[in-house]
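For reference, the structure is listed below as structure tokens.
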Amino acid sequence: MKISDEELSSLTQEIVIKELQSTEYSKIIKIFAFKFLVYFRNQIPSEWYASIVDILFKLIGTNDELYVNGCLLVLDKFLGMKELKNLKDYPFAKCLLIPETYSTIINGLY
């Protein structure tokens, strides 16, 4: 069964983003949200990267070891991902050209 781009976008928005922004859900659900982002990172629209980075660094700010490790894993996978059609292209690099996102990442890691 193949999932369409529209279905993936809807799933990402309705489940993953909502779960990561919420404080009322359990940690196990957030773990699966991290896993979803890692597995489907190449299908996530590049316009969403900046908002995902903001969400990840808000979770890192909680200083919960599970969230910090999960967020850093997702960021690592995003930073190293290559375009499937052209392996010399790094789609996340365009996100780093946005000054606010670049600043968020540098300040968050610092």
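The values are calculated or read from the model by the stated rules, or taken from the named source; none is laboratory data. For clarity, every value in this text was computed on a predicted model and none was experimentally measured. Cβ coordinates were reconstructed from backbone atoms using ideal geometry, including for glycine residues, and neighbour counts include every protein chain displayed. In case anyone asks, the SASA skips ligands and DNA or RNA and just uses the protein heavy atoms, side chains included. Shrake-Rupley method; radii C 1.70, N 1.55, O 1.52, S 1.80 Å.
Okay, residues lined up against (1) touching a Cys at 6+ places or on another chain (Cβ under 7 Å); (2) under 22 Å from Met81 (Cα atoms):
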position: Ser9; (1), (2): no, yes
position: Ile17; (1), (2): no, yes
position: Ser26; (1), (2): no, no
position: Phe34; (1), (2): no, yes
position: Glu47; (1), (2): no, yes
position: Ala50; (1), (2): yes, yes
Taking the conditions exactly as written (open to solvent by less than 30 Å² (accessible area, probe 1.4 Å) and under 17 Å from Gly108 (Cα atoms)), does Val38 satisfy them or not? no
Scan segment 84-110 residue by residue and report those that are touching a Phe, Trp or Tyr at 6+ places or on another chain (Cβ under 7 Å) and within 18 Å of Val38 (Cα to Cα). Phe92, Cys95
So which residues in segment 59-74 are at pLDDT 90 or above and either open to solvent by 80 Å² or more (accessible area, probe 1.4 Å) or over 16 Å from Ile29 (Cα atoms) (or both), if there are any at all? Glu65, Asn69, Leu72, Leu73
If I go through segment 97-110 residue by residue, how many of them are surrounded by 14 or more Cβ atoms within 10 Å (Cβ to Cβ) and within 15 Å of Val74 (Cβ to Cβ)? 4
So, in segment 3-45, how many residues would count as being of a type in the set (Ser, Thr, Tyr) and within 14 Å of the chain's Cα centre (by Cα)? 3
For Glu19, are the conditions met, namely being farther than 18 Å from Thr104 by Cβ and touching a residue at least 12 places away in the same chain (Cβ under 8 Å)? yes
Candidates Lys85, Lys77, filtered to the one that is outside any loop (DSSP other than H, G, I, E, B) and either at pLDDT below 85 or surrounded by 13 or more Cβ atoms within 10 Å (Cβ to Cβ) (or both): Lys77
